[in-house]
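First up is the structure itself, then whatever we jot down about it.
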Amino acid sequence: MMKLNIVCIPGDGIGPEIVKQAKAVLDRVAAVYGHEIAYKDVLMGGASIDVHGIPLTDEAIADAKAADAVLMGSIGGDTSKSPWYQLPPEKRPEAGLLKIRKALNLFANLRPAILYQELADACPLRQSVRKDGFDMMIMRELTGGLYFGERRTVTEDGVRKAVDTLVYSEEEIRRIAIKGFDIARKRRKKVTSVDKANVLDSSRLWRSVVEEVAKEYPDVVLEHMLVDNCAMQLVKDPAQFDVILTENMFGDILSDEASMVTGSIGMLASASLNDTKFGLYEPSHGSAPDIAGCDIANPIATILSAAMMLRYSFDLDEEADAIERAVKAVLKENWRTADIMSEGCRQVGCSEMGRLITEHLEEKE
């Protein structure tokens, strides 16, 4: 038996609805496999602004640091209507997300991109390309590189000039590479390291350090791929990828491309990890304020994020597998929320989708 201490951040919009269903699934897993879960709900984003006047309090950060993992819904609201967006940028909902990532040192971003056969028609790729589907993990370095380097805009001889600096230390590269290889060991044991080593010094260092780390993982296959080729290969033969390991800006772009070829953002989980087993787990989609409270949101991305939490923060692979099987079983039975609905299927709401998935966790296999 394991005790899991989890901080839940329901968030804004549909966040509370989808987190509720993920918690129900976790509770069923705990009951079936003999674990104990202690939850603590904390406010972040617009929900925190409404109560505390700021998107994230120091107390909320302390609660998160004291937990084993954080499960989060979606943050933010309607930028054109919500009073939250009349506030200065540092006090808006999304500022809380940036603050908690920094406070928890979440440097490794995991974005799985999976094409379920039951949802294959939503994929924009033709059948001869998507074949039998794909299952990849984008591993993006989250706190270094071009987005965090020195930047300035100056005027020289009457001409404006902007400079952004791309900096990586070998320590930053090594820690994300170790995470990438560790996760590959839980999957199909292949890492594709993506860089631009034919042009950039930072990429040449990236490649060198990744090769050093690879020596400690003789059971994992390593290949290098230039980022422009990777972007092409994602739409040419996505099934070739297992773990894609890359730096911040490349990962930002490639993860969005990979999510689009799945054809269904409501199915996409994500995680951000630090250098321990701690992680923050959340769906990739937004808060969808226009459908909040209507019981029509898709909770599957959050449920799959909970499965990632069991796998990567608690090493409960069997339990994570059970959740993923339950999701596939429900899709195979043709149950769909509105966002993934297709002809011949049966439409259900958020709470009913959560109930159906939970039902498939009644017994161990």
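The values are calculated or read from the model by the stated rules, or taken from the named source; none is laboratory data. The structure displayed is predicted, hence computed values, not measured ones. We place every Cβ from the backbone using ideal geometry, glycine too, and count neighbours over all the protein chains shown. Note: areas computed on protein heavy atoms with side chains; ligands, DNA, RNA excluded. Shrake-Rupley method; radii C 1.70, N 1.55, O 1.52, S 1.80 Å.
Looking at segment 9-92, which GluC sites (Glu not before Pro) are in a loop (DSSP not H, G, I, E or B) and have at most 10 other Cβ atoms within 10 Å?
For GluC sites (Glu not before Pro) across segment 9-92 that sit outside H, G, I, E and B with at most 10 neighbouring Cβ atoms in 10 Å, the list is empty.
For the residue pair residue 223 and residue 147, what label-to-label distance in nm results when each label sits 7 Å from Cα along the Cα-to-beta-carbon direction?
Going by the 7 Å Cα→Cβ label model, 2.7 nm.
How much of residue 228 can a 1.4 Å solvent probe reach, expressed as accessible area in Å² and rounded to 10?
90 Å²
One quarter of the convex hull surface, Cα atoms only: what value does that give for the chain in nm²?
Computing the convex hull of the Cα atoms and averaging its projections yields 20.2 nm².
Dipole of the chain, Cα-centred, from +1 at each Lys and Arg C-beta and -1 at each Asp and Glu C-beta, to the nearest 20 debye?
280 debye
Report the FRET efficiency, 1/(1 + (r/R0)^6), for residue 102 and residue 315, where r is their Cβ-Cβ distance and R0 is 25 Å, rounded to 0.05.
Efficiency, from the Cβ-Cβ distance: 0.45.
Determine the share of the chain's accessible area contributed by carbon and sulfur atoms, expressed in whole percent, with a 1.4 angstrom probe.
So the carbon and sulfur contribution to the accessible surface is 50 percent.
Of the options 208, 301, 241, report the single residue whose Cα projects farthest towards the positive end of the charge dipole of the chain (beta-carbon charges: Lys, Arg +1; Asp, Glu -1).
Farthest towards the positive end: 208.
If r is the Cβ-Cβ distance from residue 63 to residue 359 and R0 is 41 Å, what FRET efficiency results, to the nearest 0.05?
Here the calculated transfer efficiency is 0.80.
Which whole-Hz ³J(HN,Hα) couplings does segment 319-331 yield from phi under the Karplus relation 6.51 cos²θ - 1.76 cosθ + 1.60, θ = phi - 60°, glycine and proline marked x?
My calculation for segment 319-331 gives 5, 4, 4, 4, 5, 5, 5, 5, 4, 5, 5, 5, 5 Hz in order.
Using a 1.4 Å probe and counting only protein heavy atoms, arrange 171, 257, 118, 247 so the residue with the most accessible area comes first.
Ranking 171, 257, 118, 247 by accessible area, largest first, yields 171, 118, 257, 247.
What does the extension gain come out to for residue 186 and residue 51, with contour length at 0.36 nm per residue minus their alpha carbon separation?
44.5 nm
Under a 10 Å cutoff between Cα atoms, tell me which one of 140, 152, 185 has the largest fluctuation in the Gaussian network model of the chain.
Most flexible of the set in this elastic network: 152.
Give a quick list of trypsin sites (Lys or Arg not before Pro) in segment 61-105 that DSSP marks as loop, anything other than H, G, I, E or B, with at most 11 other Cβ atoms within 10 Å.
Here the sparse-neighbourhood loop sites are 81.
If you average over every viewing direction, what projected area does the convex hull of the Cα atoms of segment 1-96 give, in nm²?
6.0 nm²
Let me check against my output: what whole-number percent is the relative contact order of the chain, with C-alpha pairs under 8 Å and at least 6 apart?
RCO, the chain: 22 percent.
For segment 149-207, report the translational diffusion coefficient in µm²/s to the nearest whole number, using Stokes-Einstein at 10 °C, 1.306 mPa s, and a Kirkwood Rh over Cα pairs.
D = 113 µm²/s.
Efficiency by 1/(1 + (r/R0)^6): what FRET value for residue 27 and residue 129, r their Cβ-Cβ distance, R0 = 35 Å, to the nearest 0.05?
0.30
Per 0.36 nm of contour for each residue apart, how much would the distance between residue 162 and residue 198 grow if the chain were fully extended, relative to their Cα-Cα spacing?
Computed gain between residue 162 and residue 198 is 10.6 nm.
So what is the accessible area of the chain per residue, in Å², with the probe set to 1.4 Å?
Heavy-atom accessible area per residue stands at 45 Å².
Hey, what did segment 230-365 get for relative contact order, percent, Cα under 8 Å, at least 6 apart?
Relative contact order comes out at 19 percent.
Expressed in nm to one decimal, what extension gain is obtained for the pair residue 253 and residue 154 from 0.36 nm per residue of sequence separation less their Cα-Cα distance?
This chain segment gains 32.9 nm when fully extended.
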